[in-house]
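Here the structure comes first, spelled out in structure tokens, and everything after it is commentary.
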Amino acid sequence: MAAFALSLGPVVWVVISEIFPNRIRGKATAIASMALWTADYVVSQAFPPMLASAGPALTFWIFGLMSLIAVVFTWRKVPETKGKSLEEIESMWVAK
């Protein structure tokens, strides 16, 4: 869990802040943040029943596999934005 908090966890917040065009960034970021918090709630509610039924090892393997899928997706599909302005990032997303 600590590795997730130091690596993949913050990526979502960076992507949310950069992915939307300037004209809708405020509202879109609010909606995306709400969706993220909803997903976080679903995961936190699913964890105890999974732990009770599947056991700790399988539960953590499942979440670990999901994190691995997220890492591969991020590595392959999310472009590098270091040193780019928001306008340049917007044009990169539009081009895809």
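Structure notes:
- Residue 35 vs. criteria small (Gly, Ala, Ser) and in contact (Cβ under 8 Å) with a residue 40 or more places away in the chain: no
- For the criterion of being of a type in the set (Asp, Glu), modelled with pLDDT under 85, part of a helix (DSSP H, G or I) and exposed (fewer than 14 other Cβ atoms within 10 Å of the Cβ), residue 80 fails.
- Residue selected from region 49-96 under the condition among the hydroxyl-bearing types (Ser, Thr, Tyr) and without any contact (Cβ under 8 Å) to a residue 12 or more places away in the chain, by the criterion farthest from residue 15 (Cα to Cα): 53
- Residue 53, sole failed condition from (1) surrounded by 10 or more Cβ atoms within 10 Å (Cβ to Cβ); (2) of a type in the set (Gly, Ala, Ser); (3) at pLDDT 90 or above: (1)
The values are calculated or read from the model by the stated rules, or taken from the named source; none is laboratory data. Bear in mind that the values here come from a model prediction, so they are computed numbers and not experimental data. Every residue, glycine among them, receives a Cβ derived from its backbone with ideal geometry; neighbour counts consider all protein chains shown.
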